[in-house]
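In what follows, a structure is listed as structure tokens, so that the remarks can point back to it.
The values are calculated or read from the model by the stated rules, or taken from the named source; none is laboratory data. These figures come from a predicted structure and were not determined experimentally. Cβ placement follows ideal geometry from the backbone for every residue including glycine, while neighbour counts extend to all protein chains displayed. Please note that ligands, DNA and RNA were not included when accessible areas were found on the heavy atoms of the full protein model with its side chains. Shrake-Rupley method; radii C 1.70, N 1.55, O 1.52, S 1.80 Å.
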Amino acid sequence: MSITPEQLSKLRWRCRRGTQELDLLLMRFIVHRAATAETAEMLAFERLLACEDRDLQRWFLAYAACPDPDLSALVDAIRSLPAA
């Protein structure tokens with residue numbers, strides 16, 4: 001999927017969350033995957049951005065399992081990316 005500069009800018013803005021830790025984790029996807037991600041992965045990332053910060057923190061820090069298998073796989077993939 002090709003992402004436009006405008007779409008990328010909007011995604012960067014949506015990655016700004018309540019904590020710096022979440023910001024950095026979500027930006028990993030933007031830096032390493034957004035430009036080459038498939039449509040399904042981008043749609044899953046959009047769904048992930050719609051989640052509550054407290055849920056994201058629990059999932060990224062492995063305090064709780066994400067109930068959605070697609071989002072869970074994406075969280076795991078983002079955690080494995082190098083720091084942005």
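Overview of values
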read-out	value
Close pairs from the stretch 7-25: first under 17 Å from T36 (Cα atoms) and touching a residue at least 24 places away in the same chain (Cβ under 8 Å), partner assigned to a helix (DSSP H, G or I) and open to solvent by 50 Å² or more (accessible area, probe 1.4 Å), Cβ under 9 Å, at least 6 apart	L11/E46
The listed residue being of a type outside the set (G, A, S) and touching a helix residue (DSSP H, G or I) at 6+ places or on another chain (Cβ under 9 Å), out of P67, P82	P82
